[in-house]
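Novice: Could you have a look at this structure, given as structure tokens, before my questions?
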Amino acid sequence: MVGGGQGGLSTAYHLARLGFARERGFVVLDGDDGPGGAWRHRWPALTVGTTHRVHDLPGLPFPGRGEQSAAEAVPAYFAEYERRFDLPVHRPVRVTAVRRAGLGFVVETPDGDWSARAVVNATGTWTRPFVPRYPGQETFRGRQLHAADYRSAEEFAGGSVVVVGGGASAVQLLGEIGEVATTTWVTRRPPVWREGPFDEAAGRAAVARVAAAIREGRSPGSVVGTTGLVVTPWVRGARDRGLLERLPVFDRITPDGVVWDDGRSVRADAILWATGFRAAVGHLAPLRLRAPGGAIPLEGTRVVGETRLHLVGYGPSASTIGANRAGRAAAVELARQLLPDRAAA
């Protein structure tokens, strides 16, 4: 198993329940210094109550409260989960490459190689922040940073900040920074607001759209990105304060800000790129898995043409609840292959 976040822990839980012995049967190699996956890197002011949602891991409810820091509450929960179910997580272990070796694989790390009959990749996206390119970007004299590097609104107090991106993170950051600085929100497409609850049917529809992209060989978008922006009381308050007025994305960047071809311009001290992430699968490059359209084609969680390689938290399962379901699916299929006498447990 590569990755110790939501998908990795969910898969490990089900592998153990299905009969894979810990340590000798499977291990989890996690590149971080401690438990929590991407959550341990979230900005301190992000609370459990203002996140998109923290889903339970299988077998242990999440005890976090709305006012708690997500960067503290979720890693503590993951740590307790690893301890409670005695999961064999090794960290920090950074996987640099996965290669075929006979019927299995060799997983390469700076600290030595691991031989594996099967591999489940659950590395998520956090380590691959995406920043698009715009003309003049290199000339900007202010500060440019990705949402992954954001820590506090106070860094921008009294300044002018352009926030780029149409996802939940952009909305959360605008709500915080707009209290202490002048903000301008730009997106490629108009935001789609979801006033009602995000129910199971809506979740299935979002997952189906990403799965269709995978089947067609296209690079998968974010499941969260297809759900629309949920209007929570916190979001409604930010909208009422005028913090979520959106402009179309600018055409180019200047040393002092951004400009549009129609003559509009905005001065900026900082540009904050809340432009999402890409799948962290570079270590799988030696396997040459990508289709011409950029996607890694899957059947469920299994890579097409690879009977013992599964991706959890990629494409249709790139959400916390999706990773839970995918972790169980991957574990069940591997048990059928490798532990046929235990697969029905």
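The values are calculated or read from the model by the stated rules, or taken from the named source; none is laboratory data. Note that this is a predicted model, so its numbers are computed, not measured. Cβ atoms come from the backbone with ideal geometry, glycine included; neighbour counts cover every protein chain shown.
Novice: Kindly establish whether GLY34 is part of a helix (DSSP H, G or I) and within 22 Å of the chain's Cα centre (by Cα).
Specialist: Judged against the criteria, GLY34 is not a match.
Novice: Residues in segment 77-113 that are over 18 Å from VAL312 (Cβ atoms), in contact (Cβ under 8 Å) with a residue 24 or more places away in the chain and of a type in the set (A, V, I, L, M, F, W, C): how many?
Specialist: Matching residues across segment 77-113 total 3.
To keep it simple, each residue is scored yes or no on (1) of a type in the set (Lys, Arg); (2) part of a helix (DSSP H, G or I); (3) on the phi > 0 side of the Ramachandran plot; (4) out of contact with any Asp or Glu (no Cβ under 9 Å at 6 or more places or on another chain).
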| residue | (1), (2), (3), (4) |
| --- | --- |
| GLY237 | no, yes, no, yes |
| LEU247 | no, no, no, yes |
| ILE253 | no, no, no, no |
| ALA279 | no, no, no, yes |
| LEU289 | no, no, no, no |
| ARG325 | yes, yes, no, yes |
| ALA330 | no, yes, no, yes |
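Novice: Residues in segment 48-67: is at least one of a type in the set (S, T, N, Q), more than 18 Å from ALA323 (Cα to Cα) and surrounded by fewer than 18 Cβ atoms within 10 Å (Cβ to Cβ)? Don't jump to the end; show me each part of the working.
Specialist: In the first step, residues of segment 48-67 are kept if they are of a type in the set (S, T, N, Q); the result is 50-51.
From what is left, the residues that are more than 18 Å from ALA323 (Cα to Cα) are 50.
Narrowing further to those that are surrounded by fewer than 18 Cβ atoms within 10 Å (Cβ to Cβ): none.
No, the conditions are met nowhere in segment 48-67.
Novice: Another question, if that's okay. Answer with yes or no whether THR11 is out of contact with any strand residue (DSSP E or B) (no Cβ under 6 Å at 6 or more places or on another chain), touching a residue at least 40 places away in the same chain (Cβ under 8 Å) and of a type in the set (S, T, N, Q). Walk me through how you get there before you give the answer.
Specialist: Working: out of contact with any strand residue (DSSP E or B) (no Cβ under 6 Å at 6 or more places or on another chain): no; touching a residue at least 40 places away in the same chain (Cβ under 8 Å): yes; of a type in the set (S, T, N, Q): yes.
Here the answer is no, as THR11 does not meet what is asked.
Novice: Looking at PHE62, is it more than 16 Å from the chain's Cα centre (by Cα) and more than 30 Å from PRO110 (Cβ to Cβ)? Quick ask: steps written out before the conclusion?
Specialist: Numbers: more than 16 Å from the chain's Cα centre (by Cα): yes; more than 30 Å from PRO110 (Cβ to Cβ): yes.
Considered against the rule, which asks whether it is more than 16 Å from the chain's Cα centre (by Cα) and more than 30 Å from PRO110 (Cβ to Cβ), PHE62 comes out as yes.
Novice: Restricting to segment 105-148, what's the tally of residues that are surrounded by 13 or more Cβ atoms within 10 Å (Cβ to Cβ) and either modelled with pLDDT under 95 or under 23 Å from the mean Cα position of the chain (by Cα) (or both)?
Specialist: The first filter runs over segment 105-148 and keeps only residues surrounded by 13 or more Cβ atoms within 10 Å (Cβ to Cβ), leaving 105-109, 113-114, 116-131, 134, 136-137, 140, 142-148.
Cutting the leftovers down to either modelled with pLDDT under 95 or under 23 Å from the mean Cα position of the chain (by Cα) (or both) gives us 107, 109, 119-131, 144-148.
Residues flagged as surrounded by 13 or more Cβ atoms within 10 Å (Cβ to Cβ) and either modelled with pLDDT under 95 or under 23 Å from the mean Cα position of the chain (by Cα) (or both) within segment 105-148 amount to 20.
Novice: For segment 25-57, which residues satisfy the criterion of being in contact with an Asp or Glu (Cβ under 7 Å, 6 or more places away or on another chain), more than 15 Å from ALA12 (Cβ to Cβ) and not hydroxyl-bearing (Ser, Thr, Tyr)?
Specialist: Narrowing segment 25-57 to residues in contact with an Asp or Glu (Cβ under 7 Å, 6 or more places away or on another chain): 35, 40, 45, 47, 49.
Next cut, more than 15 Å from ALA12 (Cβ to Cβ) only: 40, 45, 47, 49.
Passing the criteria: ARG40, ALA45, GLY49.
Novice: Now, a different point. How many residues are touching a strand residue (DSSP E or B) at 6+ places or on another chain (Cβ under 9 Å), modelled with pLDDT of 95 or more and among the small types (Gly, Ala, Ser) when one looks only at segment 65-103?
Specialist: Number satisfying all stated conditions: 3.
Novice: So, in segment 268-289, exactly how many residues are under 23 Å from THR109 (Cβ atoms) and either of a type outside the set (A, V, I, L, M, F, W, C) or over 19 Å from the mean Cα position of the chain (by Cα) (or both)? Reasoning before the result, please.
Specialist: Taking segment 268-289 as the starting set, the residues that turn out to be under 23 Å from THR109 (Cβ atoms) are 277-289.
Filter once more, keeping what is either of a type outside the set (A, V, I, L, M, F, W, C) or over 19 Å from the mean Cα position of the chain (by Cα) (or both): 278, 282-283, 285-289.
Counting residues in segment 268-289 that are under 23 Å from THR109 (Cβ atoms) and either of a type outside the set (A, V, I, L, M, F, W, C) or over 19 Å from the mean Cα position of the chain (by Cα) (or both) gives 8.
Novice: Working only within segment 167-184, note down all residues that are touching a Leu at 6+ places or on another chain (Cβ under 9 Å), outside any helix (DSSP H, G or I) and surrounded by fewer than 24 Cβ atoms within 10 Å (Cβ to Cβ).
Specialist: GLY167, GLY178, GLU179, THR184, listed by residue number.
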